[in-house]
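**Q** My structure is below; once you've seen it, I'll send some questions.
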Amino acid sequence: MTEHEQSDRIAWQATDGNVLLRLAGYAKTNPVVANSLGYFYFQTSYALYPRRLYAAPADQVINDGQDIMRIGFSPDPQWLQAHDVRSVLIFGKDNPGEETPRLEILQPRDGRAGMQTNNSGGN
Amino acid sequence: MALPACCLYLLLILLVGYALLSAVHSSNRMTIVQLIGLGPAVGAGTMGLLLFWASLIGFAPSRKVLAIIGVLTLASLLVMKKKQRLARINILATEWKKGDGWMFVPLVITLAALVMIVVVALSSPLTEWDAFAIWGFKAKVLAHEALRPTPAYFHDLTLSYSHLDYPLMVPFLTAGAYAAMGTMDDQTGKLVSVFLDVLLVPMVYLGLRWKLRRLPAACLSTILAMLPVMFRYAGVGCADLPLAMFYAGSIFYVARWIDRQQWPDLILAILFSAFVAFTKNEGTVLALMNGAVLLGFGLWGGRRAWVGAAAFFAGLLAVDAAWLIWSRSLPRTHEDYGSKLLSSLVVTHLPKLKEIIPAMLVQTTEFKVWGLLWIMAGVLALLGWRALARPYMLALWILLGLHLMSYALAYSVTSWDLTMLMPITMDRLLLHTVPAVIFLAGWHWAEVGTGQGITERTLRENSM
């Protein structure tokens, strides 16, 4: 599967709301993945639009993958709810054998999106 | 359904161009090449600006907006037909001469190259990094929201990588296609960008025909169509070839104004320069350079030339005013060469030119990128050196020199590592200069003798 097909698939799977980009494992710090992270973020942001792929608050400059790593965005549930985030896209692996990137749909809490995820861990 | 809708949209662009050319030009005649090259080029630039202005007052590109533009265009065409101002189409600009029959060879090769570019372009969605991250993204935003109120996108720094301050010509034209198709299908929508890309070839042919006979003009156009760098960048969905295409029109009409001082040439020089400035940020610099050269030659050339230069700046400002004002507040958080080039950095970084200029020279000799284009242009310039006595040739050389110098200076102030940046961007940047290089080659060739034969009558007949 090509990178743009992967992004299109993610956009199709994340049927509702916005998406949070979360880095896992080596992707948090390893500069080697900065380029592919940047490409992936740009491509998926394009595929998702008008929905959003959040990797930082709107006042943080992202020009490349290194910026995403440097910011290491980890919003609280209130922020996710306020920004209608309904799924998390995980780039990198917390454990060997995990698929990357992978999409996890957030479980609605009290009938509202963006409050809780099945995924453990986080950055 | 999407493809026919997109083709209808391109037809509307052609109609807009035809109407505008009929209004601008007094000769009431147009050749087939002007119809399929100049017409769509003027039409595309005008359409991009019209969609931008409509969006500024709150109307995103839609079928309704396109229908209004279509109705207004048809109404203007009807009025011009009544007043007998509608340009008539002539198949040939001049009589068919001995040797012109060989034209079919370069023509077939050119058409084959362009068809191949279009087919390859339409066989995939946007995959080039800049194409989706910058131009495609903006097209989606503009198709989705009007510019009033300003969409959140333009102030969201997490999308800074998409160059929030870049001009919107290509995105608006693509958004227009999305509106016509009723869907944001970027694969079919690429028809618009590849259409703009391949228009460079007839635009260059048009400029060459000013001074050259059919056959040499067609051969040089074929060389352009077959350039490896054309195959690399045509149809990828970026704005570099549309910039080169509009730039070809701007410098051609600047040269013609300097040579003949006829108002339609000046109007087209203004329009194309305005389109260039609305296509990429470097286009603003190129448009100002066109104006500076007109002013320089205007100071020499008497009152009409001086007034023409003043009219150029006034016209350019008038056409692009809305963009200049609206874009003033956009964040410049990525590269921002404009500010850097206006700062003292230019002076402190001058020594870097010692590294940049040789790299640019080496790049022009890269056969796998340019074939023998630059070398051929140099040889023809030497053989046809007498052309340098003509003011329009001098103007074109100055324009090319300023163009190359501005890019060398931009490299000198970049925050990127030059050894990494230059190899991946230089072919794309030098692509912008190709119209000037080919015009120089052709117009010098006209002085060598092989391409000579342009009589006063031919010039009159080629008067658009």
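The values are calculated or read from the model by the stated rules, or taken from the named source; none is laboratory data. On a predicted model such as this, the values are computed, not experimentally measured, just so you know. Every residue, glycine among them, receives a Cβ derived from its backbone with ideal geometry; neighbour counts consider all protein chains shown.
**Q** Among what's in the stretch B:134-149 and is free of Cβ contacts under 8 Å to residues at least 40 places away in the same chain and not hydrophobic (A, V, I, L, M, F, W, C), pick the residue that is surrounded by the most Cβ atoms within 10 Å (Cβ to Cβ). Don't jump to the end; show me each part of the working.
**A** Narrowing the stretch B:134-149 to residues free of Cβ contacts under 8 Å to residues at least 40 places away in the same chain: B:137-138, B:141, B:149.
When the remaining residues are screened for being not hydrophobic (A, V, I, L, M, F, W, C), the result is B:138, B:149.
Values: B:Lys138: 26, B:Pro149: 8.
The qualifying residue surrounded by the most Cβ atoms within 10 Å (Cβ to Cβ) is B:Lys138.
**Q** Out of curiosity, is A:Thr2 exposed (fewer than 15 other Cβ atoms within 10 Å of the Cβ), out of contact with any strand residue (DSSP E or B) (no Cβ under 7 Å at 6 or more places or on another chain), over 26 Å from B:Pro151 (Cβ atoms) and of a type in the set (Val, Ile, Thr)? Don't jump to the end; show me each part of the working.
**A** Numbers: exposed (fewer than 15 other Cβ atoms within 10 Å of the Cβ): yes; out of contact with any strand residue (DSSP E or B) (no Cβ under 7 Å at 6 or more places or on another chain): yes; over 26 Å from B:Pro151 (Cβ atoms): yes; of a type in the set (Val, Ile, Thr): yes.
The answer is yes for A:Thr2.
**Q** Please go through the stretch B:179-212 and give me each residue that is within 30 Å of B:Ser329 (Cβ to Cβ) and either touching a Lys or Arg at 6+ places or on another chain (Cβ under 8 Å) or of a type in the set (D, E, K, R) (or both), ordered by number. Quick ask: steps written out before the conclusion?
**A** Narrowing the stretch B:179-212 to residues within 30 Å of B:Ser329 (Cβ to Cβ): B:179, B:184, B:186, B:189, B:192-193, B:196.
Passing the criteria: B:Ala179, B:Met184, B:Asp186.
**Q** Taking B:Leu92 as the residue in question, decide whether it is surrounded by 14 or more Cβ atoms within 10 Å (Cβ to Cβ) and either within 14 Å of chain A (Cβ to nearest Cβ) or not in a helix (DSSP H, G or I) (or both). Reasoning before the result, please.
**A** Values: surrounded by 14 or more Cβ atoms within 10 Å (Cβ to Cβ): no; either within 14 Å of chain A (Cβ to nearest Cβ) or not in a helix (DSSP H, G or I) (or both): yes.
So B:Leu92 does not fit the description; no.
**Q** Contact list please: Cβ distance under 8 Å, first residue in the stretch B:333-353 and β-branched (Val, Ile, Thr), second residue in a helix (DSSP H, G or I), pairs at least six apart or on different chains.
**A** Close Cβ pairs satisfying both conditions: B:Thr333/B:Leu157; B:Thr333/B:Ser160; B:Val346/B:Lys340; B:Val346/B:Leu409; B:Val346/B:Ser412; B:Val346/B:Val413.
**Q** I've got another one for you. Taking B:Val293 as the residue in question, decide whether it is part of a helix (DSSP H, G or I) and either under 27 Å from B:Ser412 (Cα atoms) or of a type outside the set (A, V, I, L, M) (or both). Walk me through how you get there before you give the answer.
**A** Working: part of a helix (DSSP H, G or I): yes; either under 27 Å from B:Ser412 (Cα atoms) or of a type outside the set (A, V, I, L, M) (or both): yes.
For B:Val293, the condition - part of a helix (DSSP H, G or I) and either under 27 Å from B:Ser412 (Cα atoms) or of a type outside the set (A, V, I, L, M) (or both) - is met.
**Q** Another question about this same structure. Would you point out which residue out of B:Leu168, B:Leu199, B:Leu208 is under 30 Å from A:Leu21 (Cα atoms), among the hydrophobic types (A, V, I, L, M, F, W, C) and either crowded, with 24+ Cβ neighbours inside 10 Å or modelled with pLDDT of 95 or more (or both)? Give the steps one after another, and end with the answer.
**A** Numbers: B:Leu199 fails: under 30 Å from A:Leu21 (Cα atoms); B:Leu208 fails: under 30 Å from A:Leu21 (Cα atoms).
The conditions single out B:Leu168.
**Q** Right, something else. Would you check if there is a residue in the stretch B:287-301 being under 15 Å from the mean Cα position of the chain (by Cα) and surrounded by 24 or more Cβ atoms within 10 Å (Cβ to Cβ)?
**A** Looking for residues that are under 15 Å from the mean Cα position of the chain (by Cα) and surrounded by 24 or more Cβ atoms within 10 Å (Cβ to Cβ), one finds at least one in the stretch B:287-301, hence yes.
**Q** Residues in the stretch A:89-100: is at least one within 21 Å of B:Tyr161 (Cβ to Cβ), surrounded by 14 or more Cβ atoms within 10 Å (Cβ to Cβ) and within 11 Å of chain B (Cβ to nearest Cβ)?
**A** No, the stretch A:89-100 has no match at all.
**Q** Provide a single number: the residues in the stretch B:191-221 that are farther than 23 Å from B:Gly17 by Cα and part of a helix (DSSP H, G or I).
**A** 7
For (1) surrounded by 15 or more Cβ atoms within 10 Å (Cβ to Cβ); (2) at pLDDT below 95, each residue gets a yes or a no:
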position: A:Leu20; (1), (2): yes, no
position: A:Thr29; (1), (2): no, yes
position: A:Val33; (1), (2): yes, yes
position: A:Ser36; (1), (2): no, yes
position: A:Phe40; (1), (2): yes, yes
position: A:Pro50; (1), (2): no, yes
position: A:Leu53; (1), (2): yes, no
position: A:Pro57; (1), (2): no, yes
position: A:Asp67; (1), (2): yes, no
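**Q** Which of (1) within 14 Å of chain A (Cβ to nearest Cβ); (2) among the polar types (S, T, N, Q); (3) on the phi > 0 side of the Ramachandran plot does B:Gln84 not meet, given it meets every other one?
**A** For B:Gln84, the failing item is (1).
**Q** Does B:Leu330 qualify as being touching a helix residue (DSSP H, G or I) at 6+ places or on another chain (Cβ under 8 Å) and surrounded by fewer than 16 Cβ atoms within 10 Å (Cβ to Cβ)?
**A** yes
**Q** Tell me which residues, restricted to the stretch A:34-52, are more than 9 Å from chain B (Cβ to nearest Cβ) and within 11 Å of the chain's Cα centre (by Cα). Write out each step before concluding.
**A** Just the residues of the stretch A:34-52 that are more than 9 Å from chain B (Cβ to nearest Cβ), to begin with: A:34-37, A:40, A:44, A:48, A:51.
Of everything in the stretch A:34-52, those that are more than 9 Å from chain B (Cβ to nearest Cβ) and within 11 Å of the chain's Cα centre (by Cα) turn out to be A:Leu37, A:Phe40, A:Thr44.
**Q** Still on this structure: Criterion first (in contact with a Lys or Arg (Cβ under 9 Å, 6 or more places away or on another chain) and surrounded by 18 or more Cβ atoms within 10 Å (Cβ to Cβ)) does B:Val79 satisfy it?
**A** Numbers: in contact with a Lys or Arg (Cβ under 9 Å, 6 or more places away or on another chain): yes; surrounded by 18 or more Cβ atoms within 10 Å (Cβ to Cβ): no.
So B:Val79 fails the test.
**Q** From B:Thr73, B:Thr94, grab the single residue that is more than 23 Å from B:Phe278 (Cα to Cα) and among the hydroxyl-bearing types (Ser, Thr, Tyr). Break it down stepwise before answering.
**A** Numbers: B:Thr73 fails: more than 23 Å from B:Phe278 (Cα to Cα).
Sole residue among the options that is more than 23 Å from B:Phe278 (Cα to Cα) and among the hydroxyl-bearing types (Ser, Thr, Tyr): B:Thr94.
**Q** If we scan the stretch B:107-127, do we find a residue that is in contact with an Asp or Glu (Cβ under 7 Å, 6 or more places away or on another chain) and within 14 Å of chain A (Cβ to nearest Cβ)?
**A** yes
**Q** Taking helices (runs of 4 or more DSSP H) that do not extend beyond the stretch B:339-388, which have at least 3 residues that are under 25 Å from the mean Cα position of the chain (by Cα)?
**A** Working: elements: B:345-348, B:353-364, B:367-370, B:373-383.
Per the criteria, B:353-364, B:367-370, B:373-383.
**Q** Scanning for something closer than 18 Å to B:Leu157 by Cβ, among the polar types (S, T, N, Q) and within 9 Å of chain B (Cβ to nearest Cβ), does the stretch A:65-87 turn up at least one residue?
**A** No, the stretch A:65-87 contains no residue that is closer than 18 Å to B:Leu157 by Cβ, among the polar types (S, T, N, Q) and within 9 Å of chain B (Cβ to nearest Cβ).
**Q** The conditions are (1) of a type outside the set (Ser, Thr, Tyr); (2) touching an Asp or Glu at 6+ places or on another chain (Cβ under 6 Å); (3) more than 14 Å from chain A (Cβ to nearest Cβ), and B:Val379 fails exactly one of them. Which is it?
**A** Just one mismatch for B:Val379, condition (2).
**Q** Additional query: Can you tell me which residue within the stretch B:128-172, out of those that are out of contact with any Phe, Trp or Tyr (no Cβ under 9 Å at 6 or more places or on another chain) and aliphatic (A, V, I, L, M), is nearest to the other protein chains (Cβ to nearest Cβ)?
**A** Checked the stretch B:128-172; the qualifying residue nearest to the other protein chains (Cβ to nearest Cβ) is B:Leu157.
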